[in-house]
Amino acid sequence: MVFGFLSGEFVDVITWLDDTRDTMVWRFERRGNAIKMGAKLTVREGQAAVFVHEGVMADVFGPGMYELETNNMPIMTTLQHWDHGFDSPFKSEIYFVNTTRFNDLKWGTKNPIMCRDPEFGPVRIRAFGTYSMRVADPAKFMQEIVGTDGEFTADEISLQIRNIIVQEFSVTIARSGIPVLDMAANTQDLGRLIATAIAPKIADYGLSIPEFYIENVSLPEEVEKVLDKRTSVGVAGDLNKYMQFNAAEAMANPQSGAGGAMTAGMGAAMGMNMANQMAQPGPWGATAAAPPPPPPPPPAARAWHVAENGATTGPFSEADLAKMAASGSLTRTSQVWTAGQDGWKPAADTELSRLFAMVPPPLPGI
């Protein structure tokens, strides 16, 4: 009975249950780090277990239940120079790594980003959004980021990830040439470009970004106020008619007070008379008050952007694209975009298709 009890005490049960929702790595605490051969290791779905022996990264276990023996710890066996079965306890640190997604992480530009807009010139913009993160390579994540930290949370790496995102966002926006007013219609394409750009740097940390979203791209407050005034003028239309209508409405609805009834009647009559005059030519009408509008300006030539080798080039005029089509550097399948267009499309599916009318098709295969 005593022997059975003592032998049972020698067998460890190694497992980790996490309810914090933000812990990425947790070190299994074992007094003296002594682990008995034959210990039971349980690694649940969404976890990995990393063994570190005398400061050296050893075996990594995925989800499953393991009985720790020399035959399923090849790296540990090599480090310990075990040529045959070994039953004595060994010292090793065990780190559990959470490999599930960490969702709804925030990113944003701390300071405005300067870029050149084709319509407004140099402007400063801000942006923010969300992303998800997960550990793709537990061993590399331990080596590059965690080290000997016994409990590592997502907050400890999120600031570095945000810095990488903002840097690549600045470079991508500067290269894209997309007008600020059209960015809202292209956030999905911009998000894909940024996610592709940051993937190699994130992979160096043993991480991946499964999802990346741009929620908003905005101008400074003073610039937005100017845009609002510009929009209000367009909505008001003829300012003379707008002012005349306000004057007539004010006289037809005077405030109550002494002589209010008489004033209200006179105001209503004058308002109706003025409204009738506004609808006819004359000193109160639109013909006398508003000069004829100037002829509309000629339409501006479209500027086109071309996607090439994962980067955006341009802007190009249609004359430039015609030369490119003739030389073969622009083909029917080349991805192009211009202001007002819903995302990137093959050149043959846009109005540029006429550029290929005089270009012979590719030679058939021999």
Selection within the range 37-50 - crowded, with 17+ Cβ neighbours inside 10 Å and touching a Leu at 6+ places or on another chain (Cβ under 9 Å): Met37, Ala39, Leu41, Ala49
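Checking the condition at pLDDT below 85 and either surrounded by 15 or more Cβ atoms within 10 Å (Cβ to Cβ) or in contact with a Lys or Arg (Cβ under 6 Å, 6 or more places away or on another chain) (or both), which residue from Glu351, Glu318 passes?
Within the list Glu351, Glu318, the selection yields Glu318.
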Residue among Ala325, Ala301 that alone is in a loop (DSSP other than H, G, I, E, B) and either at pLDDT 80 or above or surrounded by fewer than 17 Cβ atoms within 10 Å (Cβ to Cβ) (or both): Ala301
Members of the range 65-76 found to be surrounded by 12 or more Cβ atoms within 10 Å (Cβ to Cβ) and of a type outside the set (S, T, N, Q), listed by number: Tyr66, Glu67, Leu68, Glu69, Met73, Ile75, Met76
Candidates Ser170, Ser158, filtered to the one that is hydroxyl-bearing (Ser, Thr, Tyr), buried (at least 16 other Cβ atoms within 10 Å of the Cβ) and in contact with a Leu (Cβ under 9 Å, 6 or more places away or on another chain): Ser158
Flag for Pro210 being modelled with pLDDT of 65 or more and either part of a strand (DSSP E or B) or at positive phi (or both): yes
Every pair of residues 6+ apart whose Cβ atoms lie under 7 Å, when the first sits in the range 110-121 and is closer than 15 Å to Val217 by Cβ and in the same structural domain as Ser218 (by TED's automatic domain parsing) while the second is at pLDDT 80 or above and in a loop (DSSP other than H, G, I, E, B): Asp117/Pro179; Glu119/Pro179
Enumeration of residues in the range 52-63 that are closer than 21 Å to Thr100 by Cβ and surrounded by 13 or more Cβ atoms within 10 Å (Cβ to Cβ): Val60, Phe61, Pro63
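The values are calculated or read from the model by the stated rules, or taken from the named source; none is laboratory data. Just so we're clear, the structure is a prediction, and the values are computed from it rather than from any experiment. Please note: Cβ atoms are built from the backbone with ideal geometry, for glycine as well, and neighbour counts cover all protein chains shown.
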